[in-house]
1. With B:R67, B:R58, B:R82, B:R51 as the choices, which residue is more than 14 Å from chain A (Cβ to nearest Cβ) and touching a Leu at 6+ places or on another chain (Cβ under 7 Å)?
2. Against the definition (within 14 Å of chain B (Cβ to nearest Cβ), open to solvent by less than 40 Å² (accessible area, probe 1.4 Å), under 24 Å from A:N54 (Cα atoms) and in contact with a helix residue (DSSP H, G or I) (Cβ under 8 Å, 6 or more places away or on another chain)), how does A:G101 come out, yes or no?
3. Could you figure out which of (1) open to solvent by 30 Å² or more (accessible area, probe 1.4 Å); (2) touching a Leu at 6+ places or on another chain (Cβ under 8 Å); (3) modelled with pLDDT of 90 or more isn't true of B:P76?
4. Quick check on my filter: what residues within the stretch A:294-327 are part of a helix (DSSP H, G or I) and basic (K, R)?
5. Select from the stretch A:242-292 the residues that are among the aromatic types (F, W, Y) and at pLDDT 90 or above and write down the one among them that is surrounded by the fewest Cβ atoms within 10 Å (Cβ to Cβ).
6. Would you pick out the residues in the stretch B:133-179 that are within 13 Å of another protein chain (Cβ to nearest Cβ), open to solvent by 40 Å² or more (accessible area, probe 1.4 Å) and in a loop (DSSP other than H, G, I, E, B)?
7. I'm trying to understand the selection: among the residues of the stretch A:105-129, which are among the aromatic types (F, W, Y) and either surrounded by 14 or more Cβ atoms within 10 Å (Cβ to Cβ) or farther than 19 Å from A:Y59 by Cβ (or both)?
8. Give B:G68, B:G33, B:G43, B:G83 a once-over and let me know the one that is closer than 24 Å to B:S172 by Cα and over 16 Å from the mean Cα position of the chain (by Cα).
Amino acid sequence: MRRRLGRYRRYGPGLAGLAGLAALVVFPLAVSAPWLVTVGLFTLMYAALASAWNLVGGYAGYPSLGHAAFFGMGAYAEAIWWTHRTAGSGYGPFWTLPPIGLAVAAVAVPVAWIAMRTRTDVFAIVTITFLFVVQTLAFNLRGLTGGAQGVAMPVAPFTPATFERPFYYAMLALLLLALAMSYGVLHSRLGLALTAVRGDEDKARSVGVPVGAAKLTAFALSVVVTAMAGGVWAYYLSFIYPQFAIDPLLSIGMVLMVFLGGRGTLWGPVLGAFVVAPAQQYLAYRFGASQLYLLAYAALFVVVMLVMPRGALPTLRDRIRRAEARA
Amino acid sequence: MNGVPDLLVLDHVTAGYGLGDVLHGVDLTVAEGEVVCLIGPNGAGKSTVLRTVSGLLRPGGGQVRLRGEPVDHLSPRERLLRGIAHVPQERSLFPAMSVWDNLLMGGHILDRGRAGRAAVRERADTVAEQFPIVAARRHEAAGSLSGGEQKQVELARALMLDPALMLLDEPSIGLEPRARQAVFATVRALADAGRSILLVEQNARSGLAVADRAAVLESGRVQLNGTGRALLADPRVARLYLGAKEGV
């Protein structure tokens, strides 16, 4: 029994991951209803965003509420670029995502350098303030962003019946990138450094951890994925405006998903996104005008904090360990 | 120590917090392989001496030298690389991290590239052999260990960089008698292995017993100097710090 358990522990997660990946690849090919692929697309987007947020909010313990600003910057960069050029075969805009991600990360580093002089709740306030500054800029820099009117980019020339597929796979690639980054960080000295920073920044500094560099690296990596997701999202919708592209609810969604699944874990944010994002899509469609889904958000947050404050995966892992210890 | 070069020299060091000085011209030396114990009343500046040596506090005047080289301008990280390891008074482990990861944190500064990582792992294995608690509880969260066990892990972590000088700030504080004995036994073992240690200790009897030399710090100045044994026998020290009655 123990040997079987050991074997499962060794190969189980890898096999489950491969099976999950295969299911995600096949999903848009097997499903004919476009709305289902759309739900899948947004679920993958949130899973990528939550995994990216987890690098800063989970591993380093810096709860950024400003990540929607970087998402919006990625979205605007993509939209502005392709309003001045043609979209070519339709896949062209996808190739601009890496430079956009890197450029937005370059903007994010000095912001983080200042914001990360504060900690915990003050950091959250500083970052959400930054979000509103960026949103205000998007409203006021009309020549660049179109102001409140928004900016429209050419609609992607994909076949209507399978229109969502390229965007779906782009989001899946971003999720894989975010997971690869998270795995790499978790198994490197950077991961150890970030865990120490989350535990106690001053103690980390006292044992020689380059605290500032570790935090900024995590922040930059996180922003690269966030901005690229914004770019895909903008191309998919082909029309964006400030309060939609730079939406605090997006930041809150990322936080909720990470808290639900488990902060500082590899799969927690993915689990959180796969639970919350489809439910959010359903509630938004069903009760969109009344915004009742916000009540569900708040209720879920309260329940998570009360029942499993460390998130689902760590709580489950603890229970399994306790059961094994009793056996 | 006769004939043994000084590893650490504090030359008329003044230091403090804000506008007020806590140390008023401290002169102190630690020779290679020597254990020097600092005793004194609360607020005398004992911990401030250690913080000044480790770089957490910059001296306002005087000089701190390691192997003859001034280190005042170096950051705590650079001093760590030069071989000064500081084990602070308060609990300094990361409670949510495993005992093993806490140990690895001690070598984080060297953990660069494949060779660096391998060297850190190898060093961790060596250190773990000296500290059975590390090997026995390696997967457990450090926060689940008792105070004495945590102190052992802290000492093990400080050894990860094979430091030339260890600064131990009241390692026995808050520990029950058996854990206290274990800590002093570890300090003795480190000293026997030739490790240089600057020890600050409120428990003067145990501190002096383990020390080659000792100094009494009062109001930021070294008032008495001598071997650990000599200070244990000094009537003023006995009266003020060992609880002996007048005339004894």
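1. Only one candidate passes the filter, namely B:R67.
2. no
3. Evaluating B:P76 over (1) open to solvent by 30 Å² or more (accessible area, probe 1.4 Å); (2) touching a Leu at 6+ places or on another chain (Cβ under 8 Å); (3) modelled with pLDDT of 90 or more leaves (3) as the failure.
4. Looking only at the stretch A:294-327, we keep the residues that are part of a helix (DSSP H, G or I), and these are A:294-307, A:312-326.
A:R317, A:R319, A:R321, A:R322, A:R326, listed by residue number.
5. Only one residue fits best here, namely A:F244.
6. B:H139, B:E140 - these are the residues of the stretch B:133-179 that are within 13 Å of another protein chain (Cβ to nearest Cβ), open to solvent by 40 Å² or more (accessible area, probe 1.4 Å) and in a loop (DSSP other than H, G, I, E, B).
7. Kept after step one, since they are among the aromatic types (F, W, Y), are these residues of the stretch A:105-129: A:113, A:123.
Answer for the stretch A:105-129, where residues must be among the aromatic types (F, W, Y) and either surrounded by 14 or more Cβ atoms within 10 Å (Cβ to Cβ) or farther than 19 Å from A:Y59 by Cβ (or both): just A:F123.
8. Values: B:G68 fails: closer than 24 Å to B:S172 by Cα; B:G33 fails: over 16 Å from the mean Cα position of the chain (by Cα); B:G83 fails: over 16 Å from the mean Cα position of the chain (by Cα).
The unique qualifying residue is B:G43.
The values are calculated or read from the model by the stated rules, or taken from the named source; none is laboratory data. Source: prediction; values computed, not measured. No Cβ is skipped: glycine too gets one built from the backbone with ideal geometry, and neighbour counts run over all protein chains shown. Just so you know, the surface numbers come from the protein's heavy atoms only, side chains and all, with ligands and any DNA or RNA stripped out. Shrake-Rupley method; radii C 1.70, N 1.55, O 1.52, S 1.80 Å.
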